[in-house]
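Written out below as structure tokens is the structure these notes cover.
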Amino acid sequence: MTDKYSYNSWLSCNTDTQKDLFLKSLVNDIAGIMDITVIEDAVFAELNVDIYGVYDYTIKTIKINRNFHTGDNMRAYKELMKTVVHECRHAYQYQYTLLHTNPLSKLILKEFIGNKDQFTENDAFAFEERVVELLLEK
Ligand SMILES: [Zn+2]
């Protein structure tokens, strides 16, 4: 996984189409590892300036803000990796609610529909930090 999605691999994507394919493949591979279902292909999209990415649980898809993540520098690359892992974690959280009917499931669902400062956000941020370290480890 490391070489396929390394910084150099990202830099070798010279067109928007190649960047779109990189994203789609990355999300599919991470989704496979996490055993989550992402129905639509992940895409770069025009999102609000304060949003890095979104997981839309209603259609099980991930959108990444084009304006933050298509730059050819290490910062943009790391943010891209973190955002993808973060949004995959939200997909994982949501999938839990589909597979289980219990108080935790109900709480997660409530947080998805509710506002920020949720434990699902804190969980996704902690997850992205550690998993991206793992992914980029040589
Ligand atoms: Zn989040």
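Within the stretch 68-79, restricting attention to residues that are crowded, with 16+ Cβ neighbours inside 10 Å and away from the ligand (no atom under 16 Å from the Cβ), which residue is farthest from the chain's Cα centre (by Cα)? Ranking the candidates gives Thr70 first.
Look at (1) surrounded by fewer than 17 Cβ atoms within 10 Å (Cβ to Cβ); (2) more than 12 Å from the chain's Cα centre (by Cα); (3) under 16 Å from Val132 (Cα atoms) and you find that Asn28 fails only one, number (2).
Give the residue that is farthest from the ligand (Cβ to nearest atom), with candidates limited to residues of the stretch 44-60 that are at pLDDT below 90 and surrounded by 12 or more Cβ atoms within 10 Å (Cβ to Cβ). First the steps, then the outcome.
Applying the first criterion (at pLDDT below 90) to the stretch 44-60 yields 49-50, 56-60.
Those still in the list that are surrounded by 12 or more Cβ atoms within 10 Å (Cβ to Cβ) too: 56-57, 60.
Numbers: Asp56: 12, Tyr57: 12, Lys60: 15 Å.
Applying the filter and picking the extreme gives Lys60.
Among the residues of the stretch 101-108, are any farther than 17 Å from Thr61 by Cα, within 14 Å of the ligand (Cβ to nearest atom), within 18 Å of the chain's Cα centre (by Cα) and surrounded by 14 or more Cβ atoms within 10 Å (Cβ to Cβ)? Yes - at least one qualifying residue is present in the stretch 101-108. Restricting the search to helices (runs of 4 or more DSSP H) fully inside the stretch 66-120 and requiring at least 2 residues that are in contact (Cβ under 8 Å) with a residue 40 or more places away in the chain, of a type outside the set (Asp, Glu) and more than 16 Å from Tyr52 (Cβ to Cβ) gives 74-99. Residues of the stretch 124-138 that are of a type in the set (Asp, Glu) and either within 9 Å of the ligand (Cβ to nearest atom) or under 11 Å from the mean Cα position of the chain (by Cα) (or both): Glu128 alone. In the set (1) in a strand (DSSP E or B); (2) under 11 Å from the mean Cα position of the chain (by Cα), Phe44 fails one condition alone, (2).
The values are calculated or read from the model by the stated rules, or taken from the named source; none is laboratory data. From a predicted model like this one, the values you see are computed outputs, not experimental measurements. We place every Cβ from the backbone using ideal geometry, glycine too, and count neighbours over all the protein chains shown.
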